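Values in this text are rule-based calculations from the coordinates and carry no lab data. All values derive from a computational prediction rather than experimental measurement. As a convention, Cβ positions derive from the backbone with ideal geometry for all residues, glycine included, and neighbour counts pool all protein chains shown.
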Amino acid sequence: MASNGNDNCKANDSVWQFKGNGATSDAAAVTLRKLVFGMFKNCKFNNGKTILPSTTHSFKTCPEAEEAVAAAVRSGMANSYAPSPGIFNARRAVADYLNGELPTKLRPEDVYITGGCNQAIEIVIDSLAGNPAANILLPNPGYPHYDARAIYSGVEVRKYDLLPERDFEIDLDALEAAADKNTAALVLINPNNPCGNVYTYDHLKKVAKMARKLGIVVISDEVYDQVVYGERPFVPMGIFASIAPVITLGSISKGWVVPGWRIGWMAINDSNGILKQAGVIQSIEDCLDLTPQPSFILQEALPEILEKTPKEYFAKKNKAMKRNVELSFERLRDIPCLFCPKKPESCSYLWLRLDTSVLDNIENDLDFCTKLVSEESLVLVPGVALGAKNWVRISIGTEESELQETYDRLKSFYDRHAISKEAIKPNGHPTVNQRVVAVI
Ligand SMILES: Cc1ncc(COP(=O)(O)O)c(C=O)c1O
């Protein structure tokens, strides 16, 4: 029967007694997605260019991984719900994958399968939020999903700096000063996004000793463990678990270039049973009961992915990354508003200081990135999104042709916005260009 119109409800009727949860807005406000997509809002996109970085030219995954997923689908064995901690074979395969250099080997039951590394971050933070006054130490710059989830779970965020002049080592004095009796954990990102460094054995040992001194757990985010192309080897933090408990987070998103597959893990390196004693393991298992399990298909495929991917796949990709770093440094010589203090040896980014003093009418990193998207359809992450003002992050995990196009667009943007030479003060700072030459 047709409505007479009087039954229609209105948004502003006073009868409605529900409203949105403001806490989600506070947490989402600091996410990378919110900030980057916010830049698109005022874009006109009338420059006729496709948006970069594209997904079409990024590195491809290996056929072994694709085959493993196809076989899992065809097997018909992965159509039901998986157990909350993950299926045994996947947990066993991740333990084997991580065990290489660990003095105390992980057992399958020390591993939990998650929906990518991000879900592992969410679960570990929720599990440590028992004390209402809890705080967590996060790196600056860092990966904002930690901040967002801590805010969402009511855990206070405290920052410690990474030091550009010391290979982005952790400022351990600042870290110690930031901690107090309510500090639950420190987060370490190694290999490091966005700085592109890899921590030495000695530095990691100092971090473990500091964690022991402070009585806190180390959360080691090793999601980029397969994206290492410098001289320095990657050292897993789990090696130091006899000094302080370590929760290792990882996934196949970066190494296998399949972030959309959403499969990752959390491994408990705690041979002394400290986390169990504190009830953290129980909390992790409870949290896993509360959330949807990651796809059974991907869990079924995971052992084959981890065991059958040839080392040459990573070697080839990392060699290409190294070439991309060299190409980037070459091209940055002509873009003097950007300065990279350290050649990355891992991950797929360049972390660059932005010098707004050589640019006309660019206020800061966010302004730079917003205008760049609008004029060139080129997306860079503004440093503020990762905790550092007047830095920017460029993605370089792409084919050479696209990377050249990235720098062509950056150069055009710079040429249009460069301050005229006469306007640069004599006796001022050395130009960024001079500084770039100094570090190559
Ligand atoms: C340091 C760090 N941790 C975790 C993640 C998320 O990984 P995943 O895609 O497996 O959830 C990212 C993604 O960029 C990252 O940079």
Let's see if you can work this out: charge +1 on each Lys and Arg Cβ, -1 on each Asp and Glu Cβ, no other charges. What is the dipole magnitude of the chain about its Cα centre, in debye to the nearest 20? 460 debye
Around ALA71, under 12 Å between beta carbons, what's the net of Lys plus Arg minus Asp minus Glu among the other residues? -3
At 222 nm, what value in deg cm²/dmol follows for the chain if DSSP H runs of at least 4 each add -39500 (n - 2.57) and the sum is divided by all its residues, to the nearest 500? -12000 deg cm²/dmol
Dipole of the chain (Lys/Arg Cβ +1, Asp/Glu Cβ -1, origin at the Cα centre): which of ASN364, ASN8, SER420 lies farthest to the positive side? SER420
DSSP-defined beta bridges in the chain - what % are antiparallel, rounded to 5: 55 percent
Given labels modelled 7 Å from the Cα in the Cβ direction, how far is it in nm from ASP415 to ALA133? 6.0 nm
Can you give the relative contact order of the stretch 63-308 as a percent, counting alpha carbon pairs under 8 Å and 6+ residues apart? 29 percent
Give me the extension gain from LYS316 to LEU163: residue separation times 0.36 nm, minus the current Cα-Cα distance, reported in nm with one decimal. 52.0 nm
Gyration tensor (alpha-carbon) shape descriptor, the stretch 63-308, a/c threshold 1.5: prolate
Under 5 Å between amide H atoms, partner at least 5 residues away or on a different chain: which partners does THR183 have, H built in plane at 1.01 Å? ASN135
Which of rounded, prolate or oblate describes the stretch 354-419 when judged by the alpha-carbon gyration tensor and an a/c cut-off of 1.5? oblate
Assigning unit charges at the beta carbon (Lys, Arg +1; Asp, Glu -1) and nothing else, what dipole magnitude in debye, to the nearest 20, does the stretch 103-233 show about its Cα centre? 380 debye
Spin-label model distance (nm) - LYS60 vs VAL36, 7 Å beyond Cα toward Cβ: 2.3 nm
Most fluctuating of ILE216, ILE274, ILE113 in the GNM of the chain (C-alpha, under 10 Å) is ILE274
Can you tell me which of SER283, SER357, SER127 moves the most in a GNM of the chain? Springs connect C-alpha atoms under 10 Å apart. SER357
Dipole magnitude of the stretch 63-308 about its Cα centre (Cβ charges: Lys, Arg +1; Asp, Glu -1), debye to nearest 20: 360 debye
Using 0.36 nm per residue, how much length does the chain from ILE274 to LYS209 gain when fully extended, once their Cα-Cα distance is taken away? 21.9 nm
Is the C-alpha gyration tensor of the chain telling us rounded, prolate or oblate? Criteria: a/c under 1.5 is rounded; beyond that, a/b larger than b/c is prolate, otherwise oblate. rounded
Unit charges at the beta carbon, dipole of the chain: most positive-side option, THR61, VAL217, ILE305: THR61
How would CYS195, CYS337, CYS287 line up from fewest to most surrounding beta-carbon atoms within 10 angstrom? CYS287, CYS337, CYS195
Which links in LYS181/LYS205; LYS19/LYS254; LYS322/LYS389; LYS159/LYS343; LYS206/LYS389 stretch past 30 Å when you go from one Cα to the other? LYS19/LYS254
Whole Å is fine, so just give me how far the alpha carbon centre of the stretch 84-140 lies from that of the stretch 170-245. 15 Å
For a Förster distance of 22 Å, can you work out the FRET efficiency between the beta-carbons of LYS308 and VAL73, rounded to the nearest 0.05? 0.85
List, in order, the whole-Hz ³J(HN,Hα) value for each residue of the stretch 259-274 obtained from phi through the Karplus relation with A = 6.51, B = -1.76, C = 1.60 and θ = phi - 60°; use x for Gly and Pro. x, x, 7, 6, 9, x, 7, 9, 10, 9, 9, 8, 5, 8, x, 5
